[in-house]
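The values are calculated or read from the model by the stated rules, or taken from the named source; none is laboratory data. On a predicted model such as this, the values are computed, not experimentally measured, just so you know. With ideal geometry, Cβ positions are generated from the backbone for all residues, glycine too; neighbour counts draw on all protein chains shown. To get the accessible areas, we keep the full protein, side chains included, count just its heavy atoms, and leave off ligands, DNA and RNA. Shrake-Rupley method; radii C 1.70, N 1.55, O 1.52, S 1.80 Å.
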Amino acid sequence: MPKVTIDEKVVDVPEGTNLIEAARLGGIEVPHYCYHPKLSVAGNCRMCLVEIEKQPKLQIACNTKVAEGMVVKTQNPRVEKARRSVLEFILINHPIDCPICDQAGECKLQEYYMKHDLAVSRFPIEEKVHKDKAVDLGPWVMLDMERCILCTRCVRFCQEVAEVNELCVSERGDHSTLTTFPGAKLENPYSANVVEICPVGALTNKDFRFKCRVWFLKRTESVCPGCSMGCNINIDQNEGEIHRLTPRVNEEVNEHWMCDEGRLTYKPVNQKNRLRFAKMGEKDLHPDEVLRAVREMMTGVDPNLVCGIGSAQFTNEDNYALASFLKELGSSHLFYHRFEPAHPSVDDYLIKADKNPNTKGVSTLGFKEIGGDRRFKFFFVLGALPEEALNRIALEQQKKVILFNPWDEETVHYADTLLPVGTFAETEGTFTNCQGRVQRIRAAFPPPGEGRPVWQWLTHLTRLFEKPAPNYTTAPALFLSMANQIAAFRGLDYEKIGNQGMLLKG
Amino acid sequence: MDRVLTANFDHPDVDKLPVYEGRGGYRSLKKVFSLKPEQVIEEVKSSGLRGRGGAGFGTGMKWGFVPQNSGKPIYLCVNADEGEPGTFKDRELLLRDPHRLIEGVIIASYAIRCHTAYLYLRGEFFEPYQKLEAAIREAYTKGYLGKNILGTGYDLDLHIHRGAGGYICGEETALIESLEGKRGYPRLKPPFPAVQGLFGCPTVVNNVETLSALPYILEKGAASYKKMGTEKSPGTKLFSISGPVQKPGVYEIELGYPLRKFIHEDAGGMLPGKILKAVIPGGSSVPILDASEVEQVNLDYESMNQFGTFLGSGGVIVIDEDFCLVKALKVLAKFYAHESCGQCSPCREGTGWVHKIMTRMEAGKGTPADLDLLLNLADNMTGQTICVLADSIAMPTRSYIKKFRQEFEDHVALQKCSKM
Ligand SMILES: Cc1cc2nc3c(=O)[nH]c(=O)nc-3n(C[C@H](O)[C@H](O)[C@H](O)COP(=O)(O)O)c2cc1C
Ligand code: SF4
Ligand code: SF4
Ligand code: SF4
Ligand code: FES
């Protein structure tokens with residue numbers, strides 16, 4: 001591995017690394033706009049100029065690969081002067097409408113100006129080039145052409161990642177304009193990713209723009225529940241209202257991206273029809289009352305009439321808690337259901353036809369697809385199971401259903417008892433994606449009303465049954481138990497899963 | 001001096017193949033095909049021929065960079081995009097002696113083992129296009145192009161691609177992008193075209209004039225060519241001279257020739273009543289020379305460098321005392337702002353900025369601070385970009401203001417042009 005000296009610091013980096021990445025490995029940030037680790041090198045912004053010993057001209061770090069013995073300066077006066085001048089060029093025609101710009105607060109133009117420039121403008125405001133302010137590029141993205149710094153990240157994203165020709169630059173010089181090809185729209189299934197890679201506020205997400213200033217957002221690391229890929233995401237919310245989901249880097253799963261469909265998965269969380277209180281029939285009840293009623297109903301019941309229906313929409317922990325609970329009751333009848341839309345989107349990249357985040361997990365835990373004899377009477381169900389699916393295995397006219405759900409939906413009113421639980425955004429636990437990667441989701445805020453995790457409801461129930469176990473107090477504790485009991489989970493550690501996930505054994 | 005490039009210029013019908021052949025045309029090929037490609041490269045190397053597109057890079061040396069074991073096809077691109085203000089010499093070669101260029105293309109292609117050559121022609125060159133098309137057709141018919149050329153087993157196709165009007169497409173990597181059907185954005189270098197050019201394959205880009213010199217060199221030998229010119233700038237070159245001189249036009253001149261002599265003798269001297277103030281010697285993008293420098297400098301690469309400028313494309317623009325340099329710089333800035341491809345921040349924004357300042361100044365609204373601002377911008381635009389178009393306005397800006405600062409200051413102080 002070549003050794004390079006960057007600002008007096010010796011770093012050992014793999015062959016082929018460019019100087020931006022090499023500096024990053026040494027803890028030094030080389031400011032840049034057009035470079036993106038997942039895209040080809042365009043070298044157009046000229047922000048990353050650095051000095052390399054024995055080279056008369058400054059070189060762009062993004063297009064320079066490390067070489068043994070290279071000595072690089074990223075912050076001497078010459079480099080800083082060049083950087084300031086590049087920033088000045090980028091800013092002369094910039095509208096600087098930060099007060100009304102959604103990017104303000106997470107804008108690289110603001111950031112670098114504050115850090116590297118702070119110069120007074122030498123360019124008269126009335127001479128600025130004016131361009132279009134609100135260009136509708138497609139279903140997700142709006143363009144403010146005056147803010148665009150023409151780094152072409154978005155263009156390269158479309159060509160190289162989404163593999164479509166939708167965006168291009170037209171015109172020349174300072175009239176250059178980002179646009180869609182004639183007759184084309186920015187409408188590939190990954191289109192909204194251009195918003196995050198745009199270093200400035202030129203591209204905004206129609207679903208987010210003008211909703212919330214970014215400094216009010218609180219960020220929670222999670223996983224998209226939209227399909228079995230389990231793209232890593234951030235939940236950005238303010239006071240319990242989610243404003244956007246953005247992709248979070250996981251090179252093994254979604255790299256830097258997520259699909260547009262996945263970005264909508266937060267909508268049901270914010271929906272009005274959340275189930276807030278436990279219900280029996282039409283009546284809201286206190287949790288204790290409901291639990292006592294369930295306890296009563298289950299007294300003396302033949303365990304072979306009891307079955308648990310897990311869900312590929314729920315976490316490993318929730319499903320595992322259900323399995324453990326049934327085991328305490330003496331039943332081992334475990335089925336699961338999943339959400340199966342008629343025409344699922346699918347491609348050969350991130351978008352999987354299985355629209356459930358945890359199919360692999362729930363099947364690994366021993367749950368079977370629903371089927372077989374109609375012989376069960378008592379059902380503990382996770383999520384909105386269609387009634388006809390249940391009827392396939394229910395003794396005719398005789399079923400009793402205890403159903404855990406985040407929403408108060410007509411379709412589950414067949415349940416005798418409804419218990420409110422959190423959505424993915426309100427739940428701590430893990431999903432196992434289609435690769436067998438166990439990934440953590442985290443609660444951005446608690447569920448509304450008296451909602452609580454499935455495993456918490458079940459723990460309380462177990463106590464009423466005066467059974468010693470399971471008695472779970474936290475999701476990590478549940479995970480520990482799961483790792484001890486389930487072969488595939490053996491050796492996995494909740495802490496080590498961290499924010500990048502760990503593969504199941506085998 | 002032998003006329004290497006313009007020997008046929010006095011023969012109006014030489015664009016017809018039989019006339020060209022009658023004047024010795026395509027005769028070099030016999031010798032060329034008797035040599036190995038490497039030997040052709042050697043011959044061109046020893047002739048000392050340097051690229052006439054502007055940079056003056058050794059032609060044989062450039063060919064030598066083409067890897068011969070890449071397993072990929074090798075391409076030759078003929079740069080006929082001539083767009084630099086003040087430069088109009090390739091057009092004459094295309095119009096008046098198209099077969100000489102085709103012969104040169106065959107020689108170069110054979111030397112680098114290329115079987116497909118593209119001629120990238122400036123879109124506005126319609127008449128040259130017609131002449132070239134006809135000449136290429138004749139060459140195919142006569143077996144100078146196509147399969148098994150002159151029975152040697154060597155194949156070569158030559159295609160014309162007409163540009164769409166961007167000056168930047170004359171920059172060799174923008175030319176390649178444009179040929180590939182993309183927007184004419186210059187590429188980052190490295191990789192250089194010799195290694196990774198057209199369609200990702202090894203590619204040589206040569207100027208029309210460079211290639212047109214090859215038939216002479218191969219027929220008469222490198223030694224004859226080297227006898228002309230200077231030690232480091234051998235041979236002859238075309239100069240296109242414009243401005244208030246008696247006989248503007250295109251001249252073939254032996255390199256090393258005094259500029260003063262070229263202007264006052266060959267081009268017939270200044271128009272009556274006009275006094276020479278300055279000369280832009282190598283196309284619009286090179287630094288300007290003042291009258292005293294014009295007296296001393298010679299028309300070769302080294303002498304020009306000594307005076308801080310470049311031989312460039314050989315576009316000699318003569319400027320007289322009555323012509324306003326503020327206006328000259330404004331016109332240039334407008335050109336480069338219009339032609340900047342817009343990729344690099346310093347060029348995209350800087351060319352436009354310089355143009356705005358110059359427009360203001362020309363209209364009498366400049367301020368004394370503008371001059372230093374311009375010099376500062378010129379510095380900030382130099383050596384920071386993907387291609388040298390940004391330098392092409394920075395260099396004139398710096399040199400005009402440094403050498404003629406008084407004229408700029410007067411213009412600012414008077415708030416109008418003193419030339420009117
Ligand atoms: C902005 C720009 C425009 C150029 N335009 C031309 C042109 O019109 N014709 C040309 O031959 N070379 C032009 N060049 C130079 C080419 O990039 C290249 O150096 C040349 O074609 C190489 O040929 P040569 O080695 O035979 O000179 C231009 C360069 C730049 C930077
Ligand atoms: S893009 Fe950045 S600098 Fe420009 S207006 Fe928006 S926040 Fe301000
Ligand atoms: S819209 Fe954003 S990402 Fe696209 S070129 Fe402009 S600044 Fe870059
Ligand atoms: S210097 Fe100017 S013309 Fe050349 S690549 Fe950069 S922006 Fe384009
Ligand atoms: S990041 Fe290197 S030039 Fe833009």
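Among all residues of the range B:197-219, there is at least one that is within 16 Å of ligand 4 (Cβ to nearest atom) and more than 14 Å from chain A (Cβ to nearest Cβ). Being out of contact with any Leu (no Cβ under 9 Å at 6 or more places or on another chain), away from ligand 4 (no atom under 14 Å from the Cβ) and assigned to a helix (DSSP H, G or I): is that true of B:ASN376 here? Taking the combined requirement at face value, the residue satisfies it. With respect to the conditions (1) hydrophobic (A, V, I, L, M, F, W, C); (2) assigned by TED's automatic domain parsing to the domain that holds A:TYR35; (3) touching a Phe, Trp or Tyr at 6+ places or on another chain (Cβ under 8 Å), A:VAL79 lacks only one, and its number is (3). Checked against (1) within 11 Å of chain A (Cβ to nearest Cβ); (2) open to solvent by 10 Å² or more (accessible area, probe 1.4 Å), B:SER345 meets all criteria but (2).
Restricting attention to the range A:53-63, does a residue exist that is of a type outside the set (A, V, I, L, M, F, W, C), within 16 Å of ligand 5 (Cβ to nearest atom) and within 24 Å of A:GLU255 (Cβ to Cβ)?
Applying the first criterion (of a type outside the set (A, V, I, L, M, F, W, C)) to the range A:53-63 yields A:53-57, A:59, A:63.
Retained after the next criterion (residues that are within 16 Å of ligand 5 (Cβ to nearest atom)): A:55, A:57, A:59, A:63.
From what's left, within 24 Å of A:GLU255 (Cβ to Cβ): A:63.
Scanning the range A:53-63 turns up at least one residue that is of a type outside the set (A, V, I, L, M, F, W, C), within 16 Å of ligand 5 (Cβ to nearest atom) and within 24 Å of A:GLU255 (Cβ to Cβ).
Across the range B:325-342, the number of residues qualifying as more than 14 Å from chain A (Cβ to nearest Cβ) and open to solvent by less than 10 Å² (accessible area, probe 1.4 Å) comes to 3.
Can you name the helices (runs of 4 or more DSSP H) wholly within the range B:1-86 that have at least 2 residues being crowded, with 23+ Cβ neighbours inside 10 Å? Step through it out loud before you land on a result.
Working: elements: B:17-22, B:28-34, B:37-47, B:59-64.
Ranges flagged: B:37-47, B:59-64.
When A:VAL141 is tested against (1) more than 13 Å from ligand 2 (Cβ to nearest atom); (2) surrounded by 15 or more Cβ atoms within 10 Å (Cβ to Cβ); (3) under 24 Å from B:ARG348 (Cα atoms), just one condition goes unmet, and that condition is (3). When residues in the range B:155-188 are screened for being open to solvent by less than 60 Å² (accessible area, probe 1.4 Å) and assigned to a loop (DSSP other than H, G, I, E, B), 11 of them pass.
If I filter the range A:196-217 for residues that are modelled with pLDDT of 95 or more, surrounded by fewer than 16 Cβ atoms within 10 Å (Cβ to Cβ) and within 30 Å of A:PRO453 (Cβ to Cβ), do I get at least one hit? Yes, the range A:196-217 contains a residue that is modelled with pLDDT of 95 or more, surrounded by fewer than 16 Cβ atoms within 10 Å (Cβ to Cβ) and within 30 Å of A:PRO453 (Cβ to Cβ). Does the range A:144-161 contain at least one residue that is at pLDDT 95 or above, away from ligand 2 (no atom under 14 Å from the Cβ) and polar (S, T, N, Q)? For the range A:144-161, residues at pLDDT 95 or above, away from ligand 2 (no atom under 14 Å from the Cβ) and polar (S, T, N, Q): present. Considering the range A:2-107, the qualifying strands (runs of 3 or more DSSP E), each wholly inside and each with 2 or more residues that are within 14 Å of chain B (Cβ to nearest Cβ) and away from ligand 3 (no atom under 16 Å from the Cβ), run over A:49-52.
Selection of the range A:262-278 for residues being open to solvent by less than 20 Å² (accessible area, probe 1.4 Å), touching a Pro at 6+ places or on another chain (Cβ under 6 Å) and either on the phi > 0 side of the Ramachandran plot or among the charged types (D, E, K, R) (or both) yields only A:ARG274.
On the stretch given as the range A:221-261, residues that are without any contact (Cβ under 8 Å) to a residue 40 or more places away in the chain and either in a strand (DSSP E or B) or buried (at least 21 other Cβ atoms within 10 Å of the Cβ) (or both) total 8.
When the range A:406-447 is limited to residues that are of a type in the set (Gly, Ala, Ser) and assigned to a loop (DSSP other than H, G, I, E, B), the one that is surrounded by the fewest Cβ atoms within 10 Å (Cβ to Cβ) turns out to be A:GLY436.
Can you pull out the residues in the range A:118-138 that are open to solvent by less than 30 Å² (accessible area, probe 1.4 Å) and either within 16 Å of ligand 4 (Cβ to nearest atom) or within 13 Å of chain B (Cβ to nearest Cβ) (or both)?
Restricting attention to the range A:118-138, the residues satisfying the condition of being open to solvent by less than 30 Å² (accessible area, probe 1.4 Å) are A:123, A:129, A:137-138.
Once the filter is applied, which keeps residues that are open to solvent by less than 30 Å² (accessible area, probe 1.4 Å) and either within 16 Å of ligand 4 (Cβ to nearest atom) or within 13 Å of chain B (Cβ to nearest Cβ) (or both), the range A:118-138 yields A:PHE123, A:VAL129.
Filtering the range B:359-371 for residues that are surrounded by fewer than 20 Cβ atoms within 10 Å (Cβ to Cβ), within 8 Å of another protein chain (Cβ to nearest Cβ) and either among the hydroxyl-bearing types (Ser, Thr, Tyr) or assigned to a helix (DSSP H, G or I) (or both) leaves an empty set. Checked against (1) touching an Asp or Glu at 6+ places or on another chain (Cβ under 7 Å); (2) within 16 Å of ligand 5 (Cβ to nearest atom); (3) not hydroxyl-bearing (Ser, Thr, Tyr), A:LYS115 passes all but a single condition, namely (1). When the residues of the range B:372-385 are filtered to those that are among the hydrophobic types (A, V, I, L, M, F, W, C) and out of contact with any Cys (no Cβ under 8 Å at 6 or more places or on another chain), the one that is farthest from the other protein chains (Cβ to nearest Cβ) is B:LEU375. Note on the range A:26-68: among residues that are open to solvent by less than 50 Å² (accessible area, probe 1.4 Å) and over 36 Å from the mean Cα position of the chain (by Cα), the one that is farthest from ligand 4 (Cβ to nearest atom) is A:ALA67.
Tell me, yes or no, whether the range B:305-321 has at least one residue that is among the acidic types (Asp, Glu), within 11 Å of chain A (Cβ to nearest Cβ) and over 24 Å from the mean Cα position of the chain (by Cα). Checking the range B:305-321: not a single residue is among the acidic types (Asp, Glu), within 11 Å of chain A (Cβ to nearest Cβ) and over 24 Å from the mean Cα position of the chain (by Cα).
Report whether or not B:LYS147 is open to solvent by 40 Å² or more (accessible area, probe 1.4 Å) and under 22 Å from B:ILE41 (Cβ atoms). Steps first, answer last, please.
Values: open to solvent by 40 Å² or more (accessible area, probe 1.4 Å): yes; under 22 Å from B:ILE41 (Cβ atoms): no.
It is false that B:LYS147 is open to solvent by 40 Å² or more (accessible area, probe 1.4 Å) and under 22 Å from B:ILE41 (Cβ atoms).
Residues in the range A:84-107 include at least one that is open to solvent by less than 60 Å² (accessible area, probe 1.4 Å) and away from ligand 2 (no atom under 16 Å from the Cβ).
Within this structure, B:PHE199 passes the test of being surrounded by fewer than 23 Cβ atoms within 10 Å (Cβ to Cβ) and assigned to a helix (DSSP H, G or I). Could you say whether any residue in the range A:163-185 is under 20 Å from the mean Cα position of the chain (by Cα), away from chain B (no Cβ under 14 Å) and of a type outside the set (Phe, Trp, Tyr)? Taking every residue of the range A:163-185 in turn, none turns out to be under 20 Å from the mean Cα position of the chain (by Cα), away from chain B (no Cβ under 14 Å) and of a type outside the set (Phe, Trp, Tyr). A:LEU464 meets all of the listed conditions (1) open to solvent by 20 Å² or more (accessible area, probe 1.4 Å); (2) touching a strand residue (DSSP E or B) at 6+ places or on another chain (Cβ under 8 Å) but one, namely (2).
Looking at the range B:385-398, can you tell me whether even one residue there is at pLDDT below 95, part of a loop (DSSP other than H, G, I, E, B), within 16 Å of ligand 1 (Cβ to nearest atom) and under 20 Å from B:ILE168 (Cβ atoms)? Write out each step before concluding.
The initial filter retains those residues of the range B:385-398 that are at pLDDT below 95, namely none.
Scanning the range B:385-398, I find no residue that is at pLDDT below 95, part of a loop (DSSP other than H, G, I, E, B), within 16 Å of ligand 1 (Cβ to nearest atom) and under 20 Å from B:ILE168 (Cβ atoms), so the answer is no.
The set of residues in the range A:164-187 that are open to solvent by 70 Å² or more (accessible area, probe 1.4 Å) and in contact (Cβ under 8 Å) with a residue 24 or more places away in the chain comprises A:HIS175, A:LYS185, A:GLU187.
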